[in-house]
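Presented below is the structure to which this report refers.
Computed from the coordinates by the stated procedures, all read-outs in this text should not be read as laboratory data. It should be emphasised that the depicted structure is a prediction, and the values quoted were computed from it without experimental measurement. A quick note on method: Cβ atoms are made from the backbone with ideal geometry, for glycine too, and the neighbour counts reach across all protein chains shown.
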Amino acid sequence: MAHSQPLKCLSVKLVMAGDSWVGKTSILRRYTGDSDPSLISTIGIDFRIKTVTIDETMLKLQIWDTAGQERFHTLSVSYFRGAHGFVLVYDITNSDSFKNVEYWMKDIQKKGDDVEIILLGNKCDKEDVRVISKEKGEKLAWEYGIPFFETSAKNNINIDQAFSVLVEGIFGKKASLQLATNVVTLRERKRKDACCNT
């Protein structure tokens, strides 16, 4: 019966990348359901865990939130190694953050081997102060051959959709993922992260 079929659990490492104050932490908190309203610019490294299921396979997402400040750059990019996917974020109201996508991509391409990347133009709720058009974001993503979304962490626009595209792309290459544990049954899904506790 379907409810007794084994459920694999794979471990996936994702990294949030981009300049400071583009909204990486807000996006991550929105996606993982962390409603803590107190936001400060990430100092160093933080991470969240979220579990999703695709095709009867449970994926334990370890999402690393890196600092965008220049003084933490070396520390941040050191966490790129071994990542399966990247969420590269710029702020549609900040032209510098858009220009710096190029530099973040270079860092990702140095550290990442055949990784999945999505580009997010965040803060699309601030249309009145927009300086980067949606078309510019789409063109840049097309040049890199990666998916693009305009998002708003504040209004929860395209957050889940963007992560779904990224995770499904990674799952398509699942041979590279680590098995977090041998087997669990679907009955155990009632316990949060049952298959993935360490």
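If we count every other residue with Cβ under 9 angstrom of Met16's Cβ, Lys/Arg +1 and Asp/Glu -1, where does the sum land? Computed value for this residue: 0. Estimate the FRET efficiency between Asn156 and Asp128 by the formula 1/(1 + (r/R0)^6), using the beta-carbon distance for r and 30 Å for R0, to the nearest 0.05. Step by step, r from the Cβ atoms, then E = 0.95. Put simply, the amide H of Leu59, placed in the peptide plane, has neighbours under 5 Å in Leu10, Val52, Thr53, Ile54, leaving out anything fewer than 5 places away on its chain.
For the stretch 78-110 and the stretch 130-182, write down the distance between their C-alpha centroids in whole Å. When both Cα centres are located, 12 Å separates them.
The string of couplings for the stretch 97-109 from the Karplus curve (6.51, -1.76, 1.60, θ = phi - 60°) is 5, 6, 4, 6, 3, 4, 6, 5, 4, 4, 5, 5, 5 Hz, one whole number per residue in order, with x for Gly and Pro. Once you have a ≥ b ≥ c as the square roots of the Cα gyration tensor eigenvalues for the stretch 86-187, tell me rounded if a/c is under 1.5, and otherwise prolate or oblate according to whether a/b is larger than b/c. Here the stretch 86-187 falls in the oblate category. Positive contributions from Lys and Arg (+1) and negative ones from Asp and Glu (-1), summed over other residues with Cβ under 15 Å from the Cβ of Phe171, come out at +1.
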